[in-house]
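Report on the following structure.
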Amino acid sequence: CVLQKNVAQGLEVDAKLQLSEGFAIDMNATLQRTRIRNGPNRGNEVARQPPYQVRLSPTYSWAVTDSLAASIYASYSVIAERPSDETNLVTLAPFEKLDCGLVVGMDHLSVQVAIDNATDSRGLTEGDPRNPTAPNGRFILPRSIQLSIAYGF
């Protein structure tokens, strides 16, 4: 049994831009080059590792009244094409995803509405690990809306 060795070189950037009181944009980006170092797939890209992925997350928070505050947020993600398996014969298509929400809080009560995959994007986050050519895999869940109410003492 030969243990596969991989190598990765890359850059990860986290940044926050505070544009005004209450408005900010967070950014997270990963740029990488991955390779298999030994075995029959030597030189190929490592499975399921995209060369780049970027996430932008703007938020805006404000005081509605002295005791009522609100915050609206979003997160836009872009994931590049990546190989599904170590032979690099099957690739997973790139995809984009948008999540957003609103939080309103007062005293000990907060209400949140969150929309996951607001644009109802389609795509696979990873393929079938037992059979890379199979049409199934782990997919992005369809749009969903969640309402949360929290009360703290």
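Summary of values
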item	result
Spatial separation of Cα centroids for the stretch 39-83 and the stretch 108-153, in angstrom	13 Å
Quotient of Cα Rg and 2.2 N^0.38 Å for the chain, N being how many residues it contains	1.37
Residue 25 versus residue 143: modelled label distance in nm, points set 7 Å from Cα along the beta carbon direction	2.4 nm
Net charge over other residues, Cβ less than 10 angstrom from the Cβ of residue 98 (K, R count +1; D, E count -1)	-2
Extension gain from residue 33 to residue 9, taking 0.36 nm per residue of separation minus the Cα-Cα distance	8.1 nm
For the stretch 73-153, accessible area per residue (1.4 Å probe, heavy atoms of protein chains only), Å²	63 Å²
Residue order for 138, 42, 130, 143 - accessible surface, 1.4 angstrom probe, largest first	130, 42, 138, 143
Positive-end residue of 7, 29, 49, charge dipole of the chain with Cβ unit charges	7
Three-way shape call for the stretch 54-140 based on the alpha-carbon gyration tensor, with the a/c threshold at 1.5	prolate
Surface share of carbon and sulfur [accessible, 1.4 angstrom probe, percent] for the chain	57 percent
Where 139, 153, 95, 23 fall by accessible area, highest first, once all protein chains stay in place (1.4 Å)	153, 139, 23, 95
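The values are calculated or read from the model by the stated rules, or taken from the named source; none is laboratory data. Here the structure is a predicted model, which means the values were calculated and not measured. With ideal geometry, Cβ positions are generated from the backbone for all residues, glycine too; neighbour counts draw on all protein chains shown. Keep in mind that these areas ignore ligands, DNA and RNA; they rest on the heavy atoms of the full protein, side chains included. Shrake-Rupley method; radii C 1.70, N 1.55, O 1.52, S 1.80 Å.
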